[in-house]
Amino acid sequence: MRKTRVTKRAHFGAAALLAYVAIAATAPLQAQQSSDGKAVFEKWCAPCHGDGPGKPGTAALQVLYKGVKPALLEKRTDLTQEYTSAVVRTGVSVMPFFRKTEISDAELGALAKYLAHK
């Protein structure tokens with residue numbers, strides 16, 4: 001049986017090629033995700049702030065606003081991009097904060113723009 005030797009340079013080249021392919025494959029996905037504020041809302045916000053029963057964020061805002069403002073974030077007309085960004089990064093009351101590793105700055109920008117659409 002023949003023994004093959006692989007040099008350090010070959011290992012480095014293979015690792016660099018794999019890293020490049022991995023980065024190149026995810027770049028279009030990240031660009032697509034970051035530009036779609038509604039998709040970010042559906043993934044991260046709707047489980048608590050969506051429409052329907054069992055949405056604790058929406059229920060809490062219904063109690064807080066008592067009909068003066070809509071409890072559904074997507075129906076609000078007073079949300080600024082700055083306010084949404086601040087609340088997402090710092091949290092409020094029982095709502096947790098979200099790190100940049102969870103919601104990237106680009107995704108947060110798209111989300112904030114989506115909620116400030118009116």
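The values are calculated or read from the model by the stated rules, or taken from the named source; none is laboratory data. Keep in mind that this is a model prediction, so the values were computed, not measured. Positions of Cβ are generated from backbone atoms using ideal geometry, with glycine treated the same way; all protein chains shown enter the neighbour counts.
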Item to check | Filtered residues of segment 90-116 (kept if in contact (Cβ under 8 Å) with a residue 40 or more places away in the chain and not in a helix (DSSP H, G or I)) | outcome: M95, F98, E102, I103, S104
Next on the checklist: Restricting to segment 76-89, name every residue that is loosely packed, with under 11 Cβ neighbours inside 10 Å and without any contact (Cβ under 8 Å) to a residue 40 or more places away in the chain.
Outcome noted: D78, E82
Item to check | Residue within segment 23-32 that is modelled with pLDDT of 55 or more, out of contact with any strand residue (DSSP E or B) (no Cβ under 6 Å at 6 or more places or on another chain) and assigned to a helix (DSSP H, G or I) present | outcome: no
Checklist entry - How many residues, within segment 39-71, are of a type in the set (A, V, I, L, M) and within 13 Å of Y114 (Cβ to Cβ)? => result 3
